[in-house]
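Comments concern the structure below.
The values are calculated or read from the model by the stated rules, or taken from the named source; none is laboratory data. Not measured: the values here are computed from a predicted model. Note that each Cβ is placed from the backbone with ideal geometry, even for glycine, and that neighbours are counted across all protein chains shown.
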Amino acid sequence: MSLIGLWLSNGMVCAIVVFNAFCWGRIKKSLGQFQLNFPFLIKLAFNKFFIGILALGVFNAFVTYYAQAILGVASGQFFYYFGTPVIMVASYFYLGERYDRAHVVGIALILIGAILIS
Amino acid sequence: VAVRNVNSSVLKILQKREVALWLSNGVQCGLVAMNTLSWGYLIKARGDLQLTVPFITSFFLNPFFWTAMLTGFISVILSYYAIAKIGLAKSVFFYHTGAIVVILTAYFGVGETFSLTQILAIVLILTGSVLVSRKGEGEIKK
């Protein structure tokens with residue numbers, strides 16, 4: 001049961017990661033490159049996509065807590081590295097990104113690692 | 001190849017004397033450590049996740065939850081600063097120092113122990129993430 005729950009939570013985190021990437025892309029389009037100054041941070045704080053990121057962040061924390069409580073803090077965090085290959089596979093199909101052999105080996109290693117850790 | 005790429009990135013950053021960048025990386029490592037500690041203490045205090053109103057209320061009212069959220073949020077902002085300053089490919093080095101900090105803090109700060117399978121899995125995931133985050137030949141098809 002906990003194994004199904006773990007992978008279900010991983011799926012949710014992957015969806016959140018994809019939505020986060022989309023929101024950061026939209027923020028970059030509307031506000032430009034990230035700057036560490038007060039006017040930029042104020043603009044960022046009132047951006048609707050940034051508010052969306054914050055709201056999802058709280059939900060994400062709740063979901064990741066589930067895995068961290070079961071697997072431990074460190075292992076729980078590494079379990080969610082699974083999101084990286086998911087984004088890469090999505091980029092391959094939807095953005096047409098190409099990957100070399102080393103990328104494919106990397107994706108395979110992350111997948112094996114996530115399965116082992118769960 | 002991945003290790004050589006990371007090494008050359010570190011050398012280039014050192015050559016540019018990006019003091020602010022290294023300072024932000026140091027702060028980020030501290031934040032990651034605080035974040036790991038906060039999650040660890042929160043889990044020790046609250047135990048497994050329960051979908052009940054008293055649990056959710058106590059979860060959100062726990063100061064460790066807010067420390068974890070705040071440190072995680074500032075850490076993300078700093079990582080975007082690093083990406084804006086030196087680009088995504090080179091900032092990978094900073095991303096992975098955070099992963100090492102998580103392991104060390106969990107072991108020494110929270111008192112977590114790792115089984116051989118977990119260690120193997122973490123090594124595989126870290127190696128894999130170094131490989132996927134290198135620049136390589138990734139390009140957008142026309």
Answer yes or no: is there a residue in segment B:35-45 that is without any contact (Cβ under 8 Å) to a residue 12 or more places away in the chain, among the hydrophobic types (A, V, I, L, M, F, W, C), more than 11 Å from chain A (Cβ to nearest Cβ) and assigned to a helix (DSSP H, G or I). no
Answer from A:Val18, A:Val13, A:Val86, A:Val105 - the residue that is in contact with a helix residue (DSSP H, G or I) (Cβ under 8 Å, 6 or more places away or on another chain), within 28 Å of B:Gly47 (Cβ to Cβ) and not polar (S, T, N, Q): A:Val13
Within segment B:104-123, how many residues turn out to be among the small types (Gly, Ala, Ser) and at the interface with another protein chain (Cβ under 7 Å from one of its Cβ atoms)? 2
Return a yes/no flag: does segment B:18-27 have any residue that is closer than 17 Å to B:Val110 by Cα, at pLDDT below 85 and either among the acidic types (Asp, Glu) or in a helix (DSSP H, G or I) (or both). no
Counted residues in segment B:104-118 being part of a helix (DSSP H, G or I) and out of contact with any Gly (no Cβ under 7 Å at 6 or more places or on another chain) come to 7
In segment B:46-82, what count of residues is obtained for those that are not in a helix (DSSP H, G or I) and not hydrophobic (A, V, I, L, M, F, W, C)? 5
If you scan segment B:86-103, which residues turn out to be at pLDDT below 80 and either outside any loop (DSSP other than H, G, I, E, B) or facing chain A (nearest Cβ under 9 Å) (or both)? B:Ile86, B:Val92, B:Phe93, B:Phe94, B:Tyr95, B:His96, B:Thr97
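Residue-by-condition table, conditions (1) surrounded by fewer than 16 Cβ atoms within 10 Å (Cβ to Cβ); (2) under 27 Å from B:Leu126 (Cβ atoms); (3) among the acidic types (Asp, Glu):
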{"site": "A:Gly5", "(1), (2), (3)": "yes, yes, no"}
{"site": "A:Val17", "(1), (2), (3)": "no, yes, no"}
{"site": "A:Trp24", "(1), (2), (3)": "no, yes, no"}
{"site": "A:Phe49", "(1), (2), (3)": "no, no, no"}
{"site": "A:Phe79", "(1), (2), (3)": "no, yes, no"}
{"site": "A:Met88", "(1), (2), (3)": "no, yes, no"}
{"site": "A:Leu111", "(1), (2), (3)": "no, yes, no"}
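Yes or no, residue by residue, for (1) modelled with pLDDT of 85 or more; (2) within 10 Å of chain A (Cβ to nearest Cβ); (3) surrounded by 14 or more Cβ atoms within 10 Å (Cβ to Cβ):
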| position | (1), (2), (3) |
| --- | --- |
| B:Ala33 | yes, no, yes |
| B:Phe59 | yes, yes, yes |
| B:Pro63 | yes, no, no |
| B:Gly72 | yes, yes, yes |
| B:Tyr81 | no, yes, yes |
| B:Ala84 | no, yes, yes |
| B:Ile125 | yes, yes, yes |
| B:Lys141 | no, yes, no |
